[in-house]
Amino acid sequence: MTTLTVNIQNENDLPLLQEILNRFGLSYTVDVEKDYVFSEKDIAGLLKSKQDFLDGKTTARNWTDIEDDLNRGYN
């Protein structure tokens, strides 16, 4: 068995590609990437952190904490 991965940029192309695969009798799966959506609370927290940093009320965060937040948002 061989696996082919195709990254489709234009969603309008997906039905055409599926029709071609169906006509060839090929099995396939479709995985749709989901974008992470920040909540109003997340955005407010980021803006407050930025302002606190600019006002000198806080220092830069530890990279490990930043990396954990990014992993949580994208995994």
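Check the straight Cα-Cα distances from LYS57 and name the lysines below 28 Å, setting aside those fewer than 8 residues away within the same chain.
Straight-distance partners of LYS57: LYS41, LYS48.
In the chain, carbon and sulfur make up what percent of the accessible area (probe 1.4 Å)?
53 percent
Mean-square fluctuation check for the chain, GNM, Cα pairs under 10 Å: which of PHE38, PHE24, PHE53 is largest?
Highest fluctuation of the listed residues: PHE24.
Taking the solvent-accessible surface of protein heavy atoms with a 1.4 Å probe, what is the per residue accessible area of the range 13-75 in Å²? Each step should come with its number before you reach the end.
Values: 6090 Å² over 63 residues.
So the range 13-75 comes to 97 Å² accessible per residue, rounded to a whole number.
Could you list the GluC sites (Glu not before Pro) in the range 17-54 that lie in coil according to DSSP, counting only those with at most 15 other Cβ atoms within 10 Å of their Cβ? Walk me through the numbers before you get to the answer.
Working: sites: GLU19, GLU33, GLU40; in loops: GLU33.
Of the GluC sites (Glu not before Pro), the ones in loops of the range 17-54 whose Cβ has at most 15 other Cβ atoms within 10 Å are GLU33.
At 222 nm, what value in deg cm²/dmol follows for the chain if DSSP H runs of at least 4 each add -39500 (n - 2.57) and the sum is divided by all its residues, to the nearest 500? Intermediate values should be presented prior to the final figure.
Values: 3 runs with 38 residues, N = 75.
When only DSSP H runs of four or more count, the value is -16000 deg cm²/dmol.
Quick one: what are the phi-derived ³J(HN,Hα) couplings along the range 24-35, Karplus 6.51/-1.76/1.60 with θ = phi - 60°, whole Hz, x for glycine and proline?
With the stated coefficients, the range 24-35 comes to 7, x, 8, 8, 7, 10, 10, 10, 9, 6, 10, 7 Hz.
Over 15 Å apart: what share of the alpha carbon pairs of the chain falls there, rounded to a whole percent? Provide the component values of the computation, followed by the final result.
On the way: 2021 of 2775 pairs.
Summing the P(r) tail past 15 Å for the chain gives 73 percent.
Could you tell me which trypsin sites (Lys or Arg not before Pro) in the range 3-75 are loop residues by DSSP with no more than 13 other beta carbons within 10 angstrom of their beta carbon? Could you put the intermediate results ahead of the total?
On the way: sites: ARG23, LYS34, LYS41, LYS48, LYS50, LYS57, ARG61, ARG72; in loops: LYS34, LYS57, ARG61.
When the trypsin sites (Lys or Arg not before Pro) of the range 3-75 are filtered for loop state and at most 13 Cβ neighbours within 10 Å, LYS34, LYS57, ARG61 remain.
Calculate one ³J(HN,Hα) per residue across the range 48-65 by plugging θ = phi - 60° into the Karplus curve 6.51 cos²θ - 1.76 cosθ + 1.60, and present them in order as whole Hz with x for glycine and proline.
For the range 48-65, the Karplus curve yields 5, 4, 4, 5, 4, 5, 5, 7, x, 7, 8, 10, 4, 7, 5, 4, 4, 5 Hz.
The values are calculated or read from the model by the stated rules, or taken from the named source; none is laboratory data. Quantities reported herein were computed from a predicted structural model and do not represent experimental measurements. FYI the Cβ positions are ideal-geometry reconstructions off the backbone, even for glycines, and counts take in every protein chain you see. For accessibility, only protein heavy atoms count, side chains too; no ligands or nucleic acids. Shrake-Rupley method; radii C 1.70, N 1.55, O 1.52, S 1.80 Å.
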